[in-house]
1. Considering only helices (runs of 4 or more DSSP H) fully contained in the range A:1-106, which possess at least 3 residues that are in contact with a Pro (Cβ under 9 Å, 6 or more places away or on another chain)?
2. Within the range B:102-117, how many residues are part of a helix (DSSP H, G or I) and either closer than 13 Å to A:ARG45 by Cβ or facing chain A (nearest Cβ under 7 Å) (or both)?
3. Kindly check whether there is at least one residue in the range A:136-156 that is touching a residue at least 24 places away in the same chain (Cβ under 8 Å), surrounded by 14 or more Cβ atoms within 10 Å (Cβ to Cβ) and closer than 16 Å to A:LEU180 by Cα.
4. Kindly indicate whether A:SER70 is under 30 Å from B:ALA119 (Cβ atoms), of a type in the set (Ser, Thr, Tyr) and within 11 Å of another protein chain (Cβ to nearest Cβ).
5. Suppose the filter is open to solvent by less than 40 Å² (accessible area, probe 1.4 Å), more than 22 Å from A:VAL191 (Cβ to Cβ) and within 14 Å of chain B (Cβ to nearest Cβ); does A:LEU23 pass it?
6. Is at least one residue of the range A:98-118 farther than 30 Å from A:PHE206 by Cα, at pLDDT 90 or above and surrounded by 17 or more Cβ atoms within 10 Å (Cβ to Cβ)?
7. Can you tell me which of (1) closer than 25 Å to B:ARG82 by Cα; (2) at pLDDT 95 or above is the one A:ALA186 doesn't meet?
Amino acid sequence: MRADSTQREQAAAGADVAAELALLARLRAGEEAAFAELVAAHAARMLAAARRILRSDEDAQDAVQDAFLSAFKALERFQGDARLSTWLHRIAINAALMRLRSQKRRREQDVDELLPSFAEDGHHELAPKRWSEAAEDPLVVAESRALVRAKIDELPDNYRVALVLRDIEGLDNEELAERLGVSVNAAKIRVHRARQALKTLLDPHFGEPSGPQNP
Amino acid sequence: MNCVQFESAIEALRSGAPGAAICDQFRAHARSCPSCATRFAPYLKTKCSEITDFLADYFDGSLHGETRQVFDFHINACPECRCYLDSYALTVRRTRELSVASEPAPQRLIDAILAARRAQSN
């Protein structure tokens with residue numbers, strides 16, 4: 001059973017790669033329909049990523065347009081060592097980050113007041129709140145997602161972008177460090193602090209009234 | 001609690017057995033047994049404030065060796081850190097869930113990109 005399923009997955013992946021190579025050949029030949037196909041297939045994901053980074057729909061759309069134009073120019077150099085979707089997604093992220101940096105510079109803020117505090121003996125100063133498990137009701141799920149999105153937007157840009165790139169856009173620590181222009185360790189610390197700060201912002205909404213109960 | 005039971009208690013907590021109830025017993029043993037206190041110092045001395053620093057590495061799967069053993073031990077022995085870890089994990093999970101929600105791109109944008117490409121290639 002498992003061998004059959006693996007074979008089917010491999011066959012599907014092989015078919016995807018073959019379809020992508022065929023599309024790439026048509027793009028390189030300048031076929032208009034191929035460009036329309038590429039944009040229709042990938043614009044939504046790229047726009048979602050740009051929106052999360054820029055928080056403005058207009059800026060995000062501009063970033064996606066910049067990204068596609070950069071990608072079209074770079075098509076000849078595309079080596080095929082990554083999937084087209086991954087390549088385009090990374091270009092959209094770069095375009096959005098460039099646009100964000102070109103906007104009025106904001107002073108980088110810290111999130112110290114949102115981090116957990118500890119007593120002198122190293123124990124938690126306040127008992128952490130226990131969270132209820134995620135609901136399954138679609139309405140509640142939609143509300144929760146909107147809340148998490150809103151709280152992420154409350155984070156200072158330097159932390160918000162690190163969190164978005166790592167936990168939503170799926171960049172690994174090395175890619176994240178490269179995009180942010182910091183060391184891998186600094187990138188990891190920034191994501192960790194952003195998660196902790198977000199947890200604190202979400203505590204009043206998802207945390208149960210009492211703290212942990214000792215067994 | 002003797003030294004053998006002490007070591008078993010450390011092992012039980014490291015491997016996830018619920019053990020806050022035995023914490024007082026092995027802390028008492030460590031106070032009366034300098035040999036165990038020295039041998040298992042990292043387990044006994046690591047503080048909650050240090051444990052939270054390991055969370056990102058834990059989620060990246062890059063916490064290994066003795067650090068991982070000390071982390072597992074502390075998380076199982078400390079209800080507050082267990083609670084913090086659980087809500088940290090849910091924070092990461094709920095953030096990651098946002099990646100699946102995606103609206104279609106507006107046709108206006110698609111048309112603008114294709115028009116810009118035609119202009120670019122002319």
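1. By residue number, A:32-54.
2. 7
3. yes
4. Judged against the criteria, A:SER70 is a match.
5. no
6. yes
7. Looking at each condition in turn, A:ALA186 falls short on (1).
Results for (1) more than 10 Å from chain B (Cβ to nearest Cβ); (2) aliphatic (A, V, I, L, M), shown as yes or no for each residue.
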position: A:VAL111; (1), (2): yes, yes
position: A:LEU114; (1), (2): yes, yes
position: A:ASP121; (1), (2): no, no
position: A:ARG145; (1), (2): no, no
position: A:VAL148; (1), (2): no, yes
position: A:ASN158; (1), (2): yes, no
position: A:VAL164; (1), (2): no, yes
position: A:HIS192; (1), (2): no, no
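The values are calculated or read from the model by the stated rules, or taken from the named source; none is laboratory data. Since we're looking at a predicted model, the values are computed, not measured. Here Cβ is always computed from backbone atoms with ideal geometry, including for glycine, and neighbour counts include all displayed protein chains. These area figures cover heavy atoms from the full protein model, side chains too; ligands, DNA and RNA do not enter into them. Shrake-Rupley method; radii C 1.70, N 1.55, O 1.52, S 1.80 Å.
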